[in-house]
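Handing you a structure now.
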Amino acid sequence: MSFLKRTLASPVLFVRLASMCILLMGMAFLFACSWITISGPQGQWVTSEPFTPPSSLPQTDIVYQRDEELGFVNADGLDVTTVPFRIPMKTLLSYWGLPFITGDNQTLVVTDHPYPPIGNIYVVRPGQVAVDCEWWGIARLAADGRHILLETSQGQEKYLPEDCGTGNPPEKIYKDIFGPLSPDERLAAEVRAGSQQGTVSLFIRDIETGEGRVIGEGRFPAWSRDGGWLAYTGPDGIYVVRNSPDAQPRRLVALEILHPEIGGKVYIDNPSVLYYPTMASWSPDGKWLAYHEYHSDPVDPSAQFAAKYYSIVKVNVETGETIKLLDGGFFPSWRWPAEEP
């Protein structure tokens with residue numbers, strides 16, 4: 001039976017497909033005629049000014065997404081700043097998401113949609129139109145706060161932001177190595193098919209030997225900057241595990257499962273209700289994780305679209321203490337100061 005016939009025959013599949021179509025059309029409407037820019041004084045658009053000093057980006061700890069705005073906030077929840085932010089339309093449905101900033105606070109990197117976390121990569125500097133890097137994959141900031149690690153269908157490629165759009169070859173290639181690399185670039189945290197249908201498992205792999213171990217069920221792994229810990233989104237919350245052969249995962253944060261009656265898992269998206277899975281981001285000192293928390297009812301009605309359903313929270317890795325930083329934002333990314341070359 002064809003996909004179309006199966007969809008029409010199943011009310012659940014039909015509603016899910018229709019919801020996704022409505023979501024995509026709404027996103028296209030909101031971000032049509034879009035140019036990427038960072039606002040200048042009084043919030044006016046800045047697209048033609050030359051490169052400005054690093055102070056043009058707020059000197060805050062965390063960057064996040066607020067629909068068509070870029071958000072900045074300190075780790076104490078203070079100094080919240082939001083600025084308009086859009087990307088050139090590569091397709092009718094182009095959007096942006098998953099922002100992170102290099103450690104020198106001079107370069108912003110985004111993907112051309114918020115989820116799934118794979119797509120065309122753009123680099124932008126304050127006051128300038130974004131550059132389409134002509135890279136396609138999953139972009140992550142390396143532990144040195146300077147390089148971009150790009151995961152492609154062939155493995156990993158390592159670039160500097162200055163390589164964006166130049167056609168320069170990568171500084172280094174890790175062929176057939178997938179998942180976030182540890183800070184020393186000796187281990188990879190891979191997501192593999194789980195033992196049960198519809199599940200996925202995390203596997204830590206030694207790049208040199210190929211040996212490794214299964215950590216547990218989950219997605220979106222993230223290494224602490226010292227490589228001593230791995231955080232990930234499990235089926236029912238955020239987990240952490242020490243980078244040690246005998247270490248066992250520990251659930252740090254319990255998150256609401258949208259549809260427990262059908263085996264829902266928090267690492268699976270649900271476009272019909274604008275649900276994006278959380279992806280934890282480490283503080284530079286490895287003591288805190290920042291993440292977004294979804295609510296079924298709006299918590300910030302002033303937000304235009306998906307952001308109204310989200311809060312940004314941080315959690316202490318040792319004690320489990322949680323502190324809400326703000327409502328109306330998602331996909332927070334902690335800025336790691338750049339190491340000396």
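The values are calculated or read from the model by the stated rules, or taken from the named source; none is laboratory data. The structure displayed is predicted, hence computed values, not measured ones. When we count neighbours, we look across all protein chains shown, and the Cβ atoms used for this are built from the backbone with ideal geometry, even at glycine.
Quick check: anything in segment 147-164 more than 30 Å from Ala303 (Cα to Cα), in contact with a Leu (Cβ under 9 Å, 6 or more places away or on another chain), free of Cβ contacts under 8 Å to residues at least 12 places away in the same chain and surrounded by fewer than 20 Cβ atoms within 10 Å (Cβ to Cβ)?
The answer is no, given that none of the residues of segment 147-164 is more than 30 Å from Ala303 (Cα to Cα), in contact with a Leu (Cβ under 9 Å, 6 or more places away or on another chain), free of Cβ contacts under 8 Å to residues at least 12 places away in the same chain and surrounded by fewer than 20 Cβ atoms within 10 Å (Cβ to Cβ).
Among the residues in segment 101-122, are any of a type in the set (Gly, Ala, Ser), surrounded by fewer than 22 Cβ atoms within 10 Å (Cβ to Cβ), within 17 Å of the chain's Cα centre (by Cα) and not in a strand (DSSP E or B)?
The answer is yes; a qualifying residue exists.
Only one of (1) modelled with pLDDT of 95 or more; (2) of a type in the set (A, V, I, L, M, F, W, C); (3) more than 20 Å from the chain's Cα centre (by Cα) is not met by Val313, so which one is it?
With (1) modelled with pLDDT of 95 or more; (2) of a type in the set (A, V, I, L, M, F, W, C); (3) more than 20 Å from the chain's Cα centre (by Cα) applied to Val313, the lone miss is (3).
Each row is one residue, and each column tells you yes or no for (1) under 21 Å from Pro117 (Cβ atoms); (2) touching a residue at least 40 places away in the same chain (Cβ under 8 Å).
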{"site": "Asp236", "(1), (2)": "yes, no"}
{"site": "Tyr239", "(1), (2)": "yes, no"}
{"site": "Asp246", "(1), (2)": "no, no"}
{"site": "Leu258", "(1), (2)": "yes, no"}
{"site": "Ser281", "(1), (2)": "yes, yes"}
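Residue by residue, here is whether (1) in contact (Cβ under 8 Å) with a residue 12 or more places away in the chain; (2) in a loop (DSSP other than H, G, I, E, B); (3) not aliphatic (A, V, I, L, M) holds:
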| position | (1), (2), (3) |
| --- | --- |
| Ile173 | yes, no, no |
| Asp184 | yes, yes, yes |
| Glu190 | yes, no, yes |
| Ile204 | yes, no, no |
| Gly227 | yes, yes, yes |
| Leu230 | yes, no, no |
| Tyr267 | yes, yes, yes |
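Another question, then. Checking Ile257 against (1) part of a loop (DSSP other than H, G, I, E, B); (2) in contact with a Ser or Thr (Cβ under 9 Å, 6 or more places away or on another chain); (3) over 24 Å from Leu57 (Cα atoms), which test does it fail?
(2)
A further question on this structure: Tell me yes or no: at least one residue of segment 55-67 is modelled with pLDDT under 65, under 27 Å from Pro284 (Cα atoms) and either part of a helix (DSSP H, G or I) or not hydroxyl-bearing (Ser, Thr, Tyr) (or both).
The answer is yes; a qualifying residue exists.
Here is a further query. How many residues are at pLDDT 95 or above and assigned to a strand (DSSP E or B) when one looks only at segment 132-162?
Qualifying residue count, segment 132-162: 19.
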